[in-house]
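Before any comments, here is the structure.
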Amino acid sequence: MADVNKKAIFVNTASQIVVRVVTLAFTLISVKLLARYLGAAGVGDFNAVTTYVNFFLVIADLGLFSVTVREISKAPDHEKKIMSNVLTIRAVSAFIVSLVAIALIAFTPYRSNHNIIFGVIIATGFLYFNLLGSVYDMVLQNRLKMQFSALAELLSKLVTIAALYAITVLHGNFLWVIGTVALSGIMIWLFKWYFARRFIVFGPKFNKEVSSWIFNLSWPIGVVFVVNNLYFKLDTLMLYPMKGREAVGIYSNAYKILEVIAFFGSYFASSLKPAISEHIGKNKEMVAHLIQKSFNVMLFISLPMTIICSVFSKEIITLLSTKEFIPGSSALILLAFTLPLIYLNTLLAEILIANDEKKLMIKIAISVLLFNFLFNLFAIPKYSFMGAAWGTLVSELVLLGINWFNAHRVVSFKVDWATTLKIILIFAITLILTLFIRQLPINFIIGIALSAISYLLLSQLFKVYSVKNFRDLLKIDKAI
């Protein structure tokens, strides 16, 4: 474990980022295709379908991913037995939740829109097969080989874009477009199964004792994930009945950018999961040291994205859609400043998960959800999608305070304030430089490149991080 972990976290995260950046490029192409083909109202319907289905995706997860990775990290000899039972649980839960999603759509504000009704029925194909594919993510994550999961999603994205382009050429209707969502789920499942079988082969089995044990461990975490997912999707769900499909289309286009780049932080945090889970009970000093390093990594990689998305918000929105979506650029500015908070909350949550703080996490999740709901209830009717964006920013700030307090009770980690303040100073200088760069008569892509170069040069000037020592930063202490 020692030799693997010295480099594996870096390799796992860095390789994922490389593949995800390529995937991001193709995701943005699909966003552009959808925006031009469907318009704001059509994109609103499309995102209403995907938001609704993704909510049930988390319900069916049942917290199995985090718990399974934790348990097979602790007991690698029982991995095959655990995974076989997890596959059975996942297949059954995914089927039941798919049926529930279809049944409940008739009782939502979407019931009068036939495109959404039939779109949900089709998109449950993504729900079911993506959930099956996520079982193989557990195998890959435990081995710090999530780059294969990223590659699977890249390949599925290529297939999906090809299908989407064909639909636009052939002038297919809205439901054909939704069909690409289901196709994506099927492709993800097939590719992840193919890559995971290189490490371990298992099929569905049912052992009452093992399945009950896994289910009892996971469902409280599943409740937390359900509430957290509802919290992330609540603004979109509330926007539709309050402000209509166009507002949803404009806001969801901006929010999609946040979702894509927020995943980078979750990749890194997930890479830490096996090490934190293994050592949380016996070597908290090591975990504290790891969190201290990771805290500044999260800031370092999130802040330049905040700069780019806020300063070039109009240009990014226009690039990814059409001028019809430009009002969403103001929301993107607020969402960009939410990004560092999301990264840090993801990191701190790993401590609570590893320490099995189920009841506490449920209380935190419900409290923040209630706060977000009340904030949106007040803000959305007055400020539309800008109110929703403010709700996301303020809620993440509240959540960070709560997570910080509770995670610090579990592990007494310290913040390297000297490095943190340097990163914030570099962020401030780069932000000012980028605002100046934006005024230059150059293409905004060049402006983004100059902004990124400025950030990296300043990080070396202030001796924060360099290409040479970035790998060392991500290594776990040699004591592991």
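First measure r as the distance between the Cβ atoms of Arg198 and Lys414, then evaluate 1/(1 + (r/R0)^6) with R0 = 41 Å and state the FRET efficiency to the nearest 0.05.
Values: r = 40 Å, r/R0 = 0.98.
Efficiency, from the Cβ-Cβ distance: 0.55.
Rounded to the nearest 500, what is the chain's calculated 222 nm mean residue ellipticity when only DSSP H runs of at least 4 contribute -39500 (n - 2.57) each, over all residues?
Working: 15 runs with 407 residues, N = 480.
After summing the helix terms and dividing by the residues of the chain, the value is -30500 deg cm²/dmol.
With only alpha-carbon atoms in the gyration tensor, what are the semi-axes of the equivalent ellipsoid for the range 2-473, in Å, largest first? Kindly include the intermediate steps, with their values, before the conclusion.
Working: eigenvalues 194, 182, 94 Å².
After scaling each eigenvalue by five and taking roots: 31, 30, 22 Å.
If each residue's Cβ is checked for other Cβ atoms within 10 Å, how do Val22, Val411 rank with the fewest at the top?
Numbers: Val22 15, Val411 22.
Ascending number of Cβ neighbours within 10 Å: Val22, Val411.
Going by how many other beta carbons lie within 10 Å of each one, how would you line up Leu335, Leu158, Leu456, fewest first? Spell out each step's value before the answer.
Details: Leu335 29, Leu158 14, Leu456 17.
The order, fewest Cβ neighbours first, is Leu158, Leu456, Leu335.
Pairs of Cα atoms under 8 Å, at least six residues apart: use those to get the relative contact order of the chain, whole percent.
On the way: 658 pairs, mean separation 107.5, N = 480.
Across the chain, relative contact order equals 22 percent.
Assuming 0.36 nm per residue, please report the length gained on full extension of the stretch Phe436 to Phe462 beyond their Cα-Cα distance.
Values: separation 26, 0.36 × 26 = 9.36 nm, distance 2.12 nm.
Full extension of this stretch gives 7.2 nm more.
Just to compare against my own numbers: the Cα pair-distance distribution for the range 158-262, 10 Å bins, whole % per bin, please.
11, 21, 36, 23, 10, 0
Which pairs, out of Lys32/Lys233; Lys74/Lys208; Lys256/Lys463; Lys256/Lys422; Lys243/Lys323; Lys145/Lys284, put more than 28 Å between their alpha-carbon atoms? Display every interim value, and only then the final one.
Values: Lys32/Lys233 22 Å; Lys74/Lys208 21 Å; Lys256/Lys463 34 Å; Lys256/Lys422 30 Å; Lys243/Lys323 20 Å; Lys145/Lys284 25 Å.
Result: Lys256/Lys463; Lys256/Lys422 exceed 28 Å.
Largest first and in whole Å, give the semi-axes of the range 394-453's equivalent ellipsoid, each being the square root of 5 times a Cα gyration tensor eigenvalue.
Numbers: eigenvalues 245, 42, 15 Å².
Values for the range 394-453, descending: 35, 14, 9 Å.
Give me Met146, Met386, Met138 ranked fewest to most by other Cβ atoms within 10 Å of their Cβ, as a rough exposure proxy.
Working: Met146 21, Met386 18, Met138 26.
By the 10 Å Cβ count, ascending, the order reads Met386, Met146, Met138.
Between Tyr37, His114, Leu155, whose Cα lies farthest towards the positive end of the dipole of the chain when Lys and Arg beta carbons carry +1 and Asp and Glu beta carbons carry -1, centred on the Cα centre?
It is Leu155, whose Cα lies furthest towards the positive end.
Points 7 angstrom from Cα along the Cβ direction at Ala166 and Lys323: gap in nanometres?
Result for the modelled spin labels: 3.5 nm.
Would you mind getting the Kirkwood hydrodynamic radius of the range 38-113 from its Cα pairs, rounded to one decimal in Å? Please report the intermediate quantities before stating the final value.
Values: mean 1/r = 0.0683 Å⁻¹.
Its Kirkwood hydrodynamic radius stands at 14.6 Å.
Where a number appears in this text, it was derived from the coordinates with a stated rule and is not lab data. If you're wondering where the values come from, they're calculated on a predicted model, not measured in any experiment. Because the Cβ atoms are built from the backbone with ideal geometry, glycine has one as well, and the counts that use them run over all protein chains shown.
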